[in-house]
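Shown next, in structure tokens, is the structure this report addresses.
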Amino acid sequence: MPGLGITLGRGGATNFQQDLANSDCILIQGSNMAECHPVGFQWVMEARERGATVIHVDPRFSRTSAMADVFVPLRAGTDIAFLGGIIHYILENERYFHDYVVHYTNAPAILREDFRDTEDLDGLFSGYDPETGKYQPHTWQYEGLDGVVPAAGHKEIFAEPGAGGHGKVQGKHITEVARDKTLQHPRCVFQVLKRHYARYTPAVVSRICGVPEELFLKVARTLCDNSGRERTSAICYAVGWTQHSVGVQNIRAAGIIQLLLGNIGRPGGGIMALRGHASIQGSSDIPTLYNLLPGYIPMPHAPDAQRFDQYVHNNVSASGWWSEFPKYIVSLLKAYYGDAATKENDWGFHWLPKLTGDHSHMTTVADMADGKLKGYFVMGQNPVVGSMNGALHRKALHELEWLVVTDLTLIETAEFWRTAPEILRGDVRPQDIQTEVFFFPSAAHTEKSGSFTNTQRLLQWHSQAVEPPGEARSDLQFIFELGRRLKALYADSTEEKDRPIQALTWDYPTHGPLDEPDAEAVLREINGYTVKDGVPVPGFAELEADGSTACGCWLYSGCYADGVNQPARRKPGQEQTIVALEWGWAWPANRRLLYNRASADPEGRPWSERKKYVWWDEGKRRWTGEDVPDFIADRPPSYRASKGDQGLDTLSGDDPFLLQADGKGWLFAPSGMVDGPLPTHYEPLESAVHNFLYGQQCNPARYDWRRRDNPMARAWEDPRYPYMLTTYRLTEHHTAGGMSRWLSWLSELQPEMFVEVSPELAAQAELENGGWCTVSTARGQVECRVLVTERLRPLRVGDRLVHQVGMPYHWGYTGRVKGESTNDLTAFSADPNVSIQESKVLACNVLPGQRGQGKLAAMGWEPPPLPPGVVEVPRDKEGVGPPSPQPEQDARE
């Protein structure tokens, strides 16, 4: 979640879904909220009943569009051009919330003289290194600052200065940054922002996005009219924004809009990040990510963080809340290693594994396909259906020695060796696959206790209803048993390499007929406790760096305060306010609306009575209000940091963004983003058109995997693949279908794989509604049914008509209903900040009839050559672009 983290300080939704009812306008873009988040969508409907305007921007008309007041069809992959146009409109028409922008954002900060924008360098920012294909952010800094401003929201990017890099403790002189509160200095962030988006005019937005000018202006005016002292607007997004090669920058652009309009930290405002299922937010907070430890603490990197003091030095900030970093990492190490972690051995830091390069999903699978991995655990996912280039995943699984799958049913990833399409066609023989597959049946959520962390950072406890059947066990028990057996295996070892396993605390109590680990005991460890007596700490403010506290995730500290399971609280809504502080528990510190200090003016008074939320109580000398104040409780609005202050003392009384080094919302990101300090329009890797704004076609810092089993179409206007494809999900099926395609009721509702096409494209391509067709990309072909619908429409982009088609991605080759997989068509290509795939836009062709014949590049098929007279065109300017065929597990820099 670095898009929100870099801009505002924390990687989570800023508001809660019930608060959408307080919105005066809601922009939903990159999401089909009505169908994919129907429970939360009730609050959008309540807002509309109260008079709010609902706007939906999407390539495809959906049930969300049907419920919206305004629907805007958009060319897939052009969100930054659209959002950049809104930023241009706000700035050019002076619709920004002046006092909010001056006091609560970094708009007044003055940048270095040597910074150069994409407008100066034809699509590049200054600092681009053609040898590494990466940016160095030194020229993006504030004038006069010694070093690089540390980024709060992307600390996992090791060795990026300001995000865990080398040198001096960062942010040391943040209180001395030169600022111009008149916003007139030519190098202040505000003026740089104006110049950057000067060309994103309504006419250019229309030309790039295929949106009529007047319709775009209606959206921009409506947002502005419903923002300010008396009114607030919210933005909701989901994976329709994230699954792009510029996904993080899409979200950054939304953050810039909301900061300019004064909508962050205020009721009815904010940015609602709609997560993919019940605990995706939780799997980021206590991560299943290779480069993070719990609470967004970065993994150490070899060889630059071999010593604990060096690691802390690389990651601590001299200002803002991340100055507390040593308390969080020491408490985490005490939770991991208990009595074995001492000050003398640097709290066992040397036992933590160290990163050697990029270990993200796609790089791991590519290396697996090249025979570099021996074994693989798959838990809670079905990558051969749910991840990009599914055929390449299947090919990679062929090369393993062993594979472990835990799931409710025999999903496609477990059955790749005997029921995959290439097996059934005889292209691959099971006896030639040497991979040994171990399948462990899993317990469903009704068969185990635990917590979900939902889309609004809310931890909610669920209790076990029944015992799991047969040999099914919870994931918690699987991991617990694996850990117990590893500890027993290495108990007598005298080798130093085995000490981490020996030292690991693994003493969770068990209960019940199946010896299930106590999930509440895990929650207690996550909350944190004092080492001497095991008493749960009240919250992260009580954690220490001297080894006297242990805490499994500082961000969740407080979830077991007073020895009470706070996520299990269920006080009915009618007995409390809409903020509902006694239903579940939200991180951090049970705050429901983040950055709520910004709901009051610089003097601590509500901006308006209508939008009153948190304010300064002069009599009590404390912040108070409808929510837990997201601020230092007794710090008055009048407090100002002094020269030389460090740590929390650098946060002035009008600095609402506590985790930012300067306490401000970042319109301009001086560090943390690997692909530039400002969102910039780049075309997708496979596009219908050339980049209208810049000579640089695609994100210059993107990740791509240039392999024969992952071919790409021509950069733009590929005659072999003349249409653009976007993917989506259905209400009736869940992600890769491992749960829903095995249920007769849901399978009956959506029994067959299909592609949506417009009536115009159906006529042009001779497609028949309900008939068969073959959809092809450079990666291969799939067969499916045709659904002719006006929900998709051709868009006029410059002098050409662009046709878009849509495909759900839920089907595979096991279950009650089967179908070919959309993700056999998608590619290994990614946003460089988080390595998320670009699966929301790709070039395709659609032909009538069943013509697929199992043609998949990962299985040896090659796409047809370009027609005579048509040549390849570059995605990058000369000397720009990723220098290596794919990101490396072992860095070669």
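Observations, loosely collected:
- Within the range 734-750, tally of residues that are in a loop (DSSP other than H, G, I, E, B) and over 24 Å from T777 (Cα atoms): 8
- Some residue of the range 207-229 being under 28 Å from W615 (Cα atoms), at pLDDT 95 or above, touching a helix residue (DSSP H, G or I) at 6+ places or on another chain (Cβ under 7 Å) and surrounded by 24 or more Cβ atoms within 10 Å (Cβ to Cβ): yes
- Filter pass, R597 being within 30 Å of the chain's Cα centre (by Cα), part of a helix (DSSP H, G or I), buried (at least 23 other Cβ atoms within 10 Å of the Cβ) and among the charged types (D, E, K, R): yes
- Answer residue from the range 279-337, given it is acidic (D, E) and within 30 Å of P567 (Cβ to Cβ) and is surrounded by the fewest Cβ atoms within 10 Å (Cβ to Cβ) among those: E324
- Any hit, the range 496-512, residues being modelled with pLDDT of 95 or more, surrounded by fewer than 19 Cβ atoms within 10 Å (Cβ to Cβ) and farther than 25 Å from A550 by Cβ: no
- Residue in the range 742-758 that is polar (S, T, N, Q) and farther than 25 Å from G849 by Cα present: yes
- Of the listed requirements (1) surrounded by 20 or more Cβ atoms within 10 Å (Cβ to Cβ); (2) under 23 Å from the mean Cα position of the chain (by Cα); (3) part of a loop (DSSP other than H, G, I, E, B), H359 misses just one: (1).
- Selection from the range 713-735 of residues that are of a type in the set (A, V, I, L, M, F, W, C) and farther than 14 Å from V689 by Cβ: L725, L730
- Flag for A521 being without any contact (Cβ under 8 Å) to a residue 60 or more places away in the chain, among the hydrophobic types (A, V, I, L, M, F, W, C) and not in a helix (DSSP H, G or I): no
- Residue among F416, F438 that alone is of a type in the set (A, V, I, L, M, F, W, C) and farther than 27 Å from T726 by Cα: F438
- Residues located in the range 370-419, provided they are more than 21 Å from W742 (Cβ to Cβ) and of a type in the set (F, W, Y): Y376, F377, W402
- Lone qualifier among G153, G171 - being within 29 Å of F41 (Cα to Cα), under 27 Å from the mean Cα position of the chain (by Cα) and at pLDDT below 95: G153
- Residue match in the range 473-491 (condition: farther than 17 Å from S279 by Cα and touching a residue at least 60 places away in the same chain (Cβ under 8 Å)): yes
- Pairs meeting the criteria (first residue in the range 709-722 and farther than 14 Å from P684 by Cα, second residue surrounded by fewer than 19 Cβ atoms within 10 Å (Cβ to Cβ) and not acidic (D, E), beta carbons under 8 Å, at least 6 apart or on different chains) are P719/L866; P719/P867; P719/V870; R720/P864; R720/L866; R720/P867.
- R457 passes every criterion in (1) over 29 Å from the mean Cα position of the chain (by Cα); (2) on the phi > 0 side of the Ramachandran plot apart from (1).
- Residue among L866, L847 that alone is part of a strand (DSSP E or B), surrounded by fewer than 19 Cβ atoms within 10 Å (Cβ to Cβ) and at pLDDT 95 or above: L847
- Qualifying residue in the range 448-467 (condition: within 22 Å of G815 (Cβ to Cβ), in contact with a strand residue (DSSP E or B) (Cβ under 9 Å, 6 or more places away or on another chain) and of a type outside the set (F, W, Y)): no
- Some residue of the range 729-744 being touching a Cys at 6+ places or on another chain (Cβ under 8 Å), buried (at least 21 other Cβ atoms within 10 Å of the Cβ) and not polar (S, T, N, Q): no
- The single residue among D475, D427, D498 that is touching a strand residue (DSSP E or B) at 6+ places or on another chain (Cβ under 8 Å) and acidic (D, E) turns out to be D475.
- Residues satisfying the criterion are absent from the range 872-883 (criterion: buried (at least 19 other Cβ atoms within 10 Å of the Cβ) and in contact with a helix residue (DSSP H, G or I) (Cβ under 8 Å, 6 or more places away or on another chain)).
- Where strands (runs of 3 or more DSSP E) fall entirely within the range 393-473, those with at least 1 residues that are of a type in the set (A, V, I, L, M, F, W, C) and touching a Gly at 6+ places or on another chain (Cβ under 6 Å) are at 402-407, 458-462.
- Test: residue in the range 363-374 that is in a strand (DSSP E or B), touching a residue at least 60 places away in the same chain (Cβ under 8 Å), closer than 24 Å to V239 by Cβ and not small (G, A, S): no
- If the condition is being among the aliphatic types (A, V, I, L, M) and not in a helix (DSSP H, G or I), then the range 86-106 contributes no residue at all.
- If you go through the range 111-131 and keep only what is loosely packed, with under 14 Cβ neighbours inside 10 Å and either more than 18 Å from E683 (Cβ to Cβ) or free of Cβ contacts under 8 Å to residues at least 12 places away in the same chain (or both), you end up with E113, D114, D120, D129, E131.
The values are calculated or read from the model by the stated rules, or taken from the named source; none is laboratory data. These figures come from a predicted structure and were not determined experimentally. When we count neighbours, we look across all protein chains shown, and the Cβ atoms used for this are built from the backbone with ideal geometry, even at glycine.
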